[in-house]
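Here is the structure we will look at.
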Amino acid sequence: MAEQREIPVFLFTGFLDSGKTRFIQETLEDRRFCNGERTLLLVCEEGEEEYAPDQFADKAVFIRDIYAEKDLNREQLAAWLKETNAERVVIEYNGMWMLDSLYAAMPENWRVYQEFFFADSATFLSYNANMRQLVYDKLKSCELAVFNRFRPEMDKMAFHKIVRGASRRADIAYESPEGNVVYDDIEDPLPFDVNAENIVINDSDYALFYRDLSENAPAYDRKTVTFKARVIVRDRLPKDSVVVGRHVMTCCVEDIQFAALICQWDRSVPVKDDSWVILTAKINIKFSRAYGKKGPVLTYISSVPSTPPDDPVATFY
């Protein structure tokens, strides 16, 4: 069987009246983007603005509407792609739907090439306060977060912190009511020194440490680190290994998970299950059977018995 060609997907997320339709319309009017490639445009919500296909730079744009989250399914998406013979897909996604619904419905050969998040600056902070899980869901994987209708009196730091709580990689842009765009230039240094002889992680910074270690593993290879951790002993692990880490909340109470690391423990040092220690260990990035892939494996150097942190659940704030 011939290998299926890869279909690039351009994903636009955000809530109603956030500017997604306008941006996609302008993109499809631009001949640099819309220049002969057949495009399937999936519209997952009905807003005040409507598309003007007669103004698209190319006529080979085929619009299909999806009115309910339950209607997202692989068979329908594949059928529309075949019907239109489209070479790529643009999706205006409903902000009230979780992205997992889309990912589960996408045919296997569809690949998200770019993901953008749009928000009305006047309502974004309210959305975040009342529907944090939905906001986080859209920010965690986007490449660019655009806050439109941004006024001079608004505090960029409030927006910056929310984006950085979900992603350290996303670019942030502020668009004024007049259409002028300014990119976020707020420095966002880590609260610990990755290049220190011993990287000391404060109790309040474990979530940031764990995420940065996951995203930038090579920077930590062969480094020494000290942090407070809960120790978990499990029979299914190799005899010289334990799990260390803390519970981390990325968004809300429902998504609290134990952010675990494998640690090769010194067999001469007694270790008690479900205990807290201040651990010093060396990090090596290598294959681990416990992970089933390459990842950070700690090698025990020393430990001191400890009490749990004031807040046992680490966060990004």
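This ranking places Ile63, Ile186, Ile24 by how few other beta-carbon atoms lie within 10 Å of each, fewest first, which gives Ile186, Ile63, Ile24.
Is the stretch 207-288 rounded, prolate or oblate when judged by the Cα gyration tensor, a ≥ b ≥ c being the square roots of its eigenvalues, rounded requiring a/c under 1.5 and prolate requiring a/b larger than b/c? Intermediate values should be presented prior to the final figure.
Working: a/c = 1.76, a/b = 1.17, b/c = 1.50.
Verdict is oblate for the stretch 207-288.
Going by neighbour counts of Cβ atoms within 10 Å, the residues Arg5, Arg111 line up, fewest first, as Arg5, Arg111. Ignoring aspartates and glutamates fewer than eight residues from Lys223 along the same chain, the ones with Cα atoms less than 13 angstrom from its Cα are Asp193, Glu197. Projecting label points 7 angstrom from Cα along Cα→Cβ for Val233 and Asp71 puts them 5.7 nm apart.
How would Thr21, Thr250, Thr13 line up from fewest to most surrounding beta-carbon atoms within 10 angstrom?
Thr250, Thr21, Thr13
Of the trypsin sites (Lys or Arg not before Pro) found in the stretch 136-204, those that fall in a DSSP loop while having at most 14 other beta-carbon atoms within 10 Å are Arg169.
Within the stretch 78-108, name every residue whose backbone N is under 20 Å away from a label modeled 7 Å from Cα of Lys59 along the Cβ vector. Once the point is set 7 Å along Cα→Cβ of Lys59, 83-88 turn out to lie under 20 Å by backbone N, inside the stretch 78-108.
Between the listed residues Asn73, Ala86, Phe150, the Cα displaced farthest toward the positive end of the dipole of the chain, a dipole computed from Cβ unit charges relative to the Cα centre, is found at Asn73.
When the pairs Lys272/Lys294; Lys70/Lys293; Lys138/Lys161 are compared against a 25 Å limit on Cα-Cα distance, Lys272/Lys294; Lys70/Lys293 fall above it.
Taking label points 7 Å from Cα along the Cα-to-Cβ direction, Val182 and Arg169 give a separation of 2.8 nm. Pull out a ≥ b ≥ c, the square roots of the eigenvalues of the alpha-carbon gyration tensor of the chain, then state rounded if a/c is under 1.5, prolate if not and a/b is larger than b/c, and oblate in the remaining case. Prolate shape, in that a/c is at least 1.5 and a/b is the bigger ratio.
Take every DSSP beta bridge whose two residues both sit in the chain; close to 45 percent of them are antiparallel. Shape call for the stretch 1-145 from the C-alpha gyration tensor, a ≥ b ≥ c root eigenvalues: rounded (a/c under 1.5), prolate (a/b greater than b/c) or oblate? Here the stretch 1-145 falls in the oblate category. Computed from point charges on the beta carbon alone (+1 for Lys and Arg, -1 for Asp and Glu), the dipole magnitude for the chain about its Cα centre is near 1760 Debye. For the stretch 199-207, 3J(HN,Hα) computed residue by residue from phi via the Karplus equation (6.51, -1.76, 1.60; θ = phi - 60°) reads 7, 9, 9, 5, 4, 6, 10, 4, 4 Hz, glycine and proline entered as x. Here Glu46 and Ala219 are evaluated by their C-beta separation; at R0 = 41 Å the FRET efficiency comes out at 0.35. Here the convex hull built on the C-alpha positions of the stretch 161-298 has a volume of 140 cubic angstrom per residue. Centroid-to-centroid, using Cα positions, the stretch 255-282 and the stretch 30-84 are 50 Å apart. Label separation (Lys161 vs Asp266): 4.1 nm, computed from points 7 Å beyond Cα along the C-beta direction.
Where a number appears in this text, it was derived from the coordinates with a stated rule and is not lab data. All figures in this text were calculated on a predicted structure; none of them were measured in a lab. Don't worry about glycine lacking a Cβ; one is built from the backbone with ideal geometry, like all the others, and counts go over all protein chains shown.
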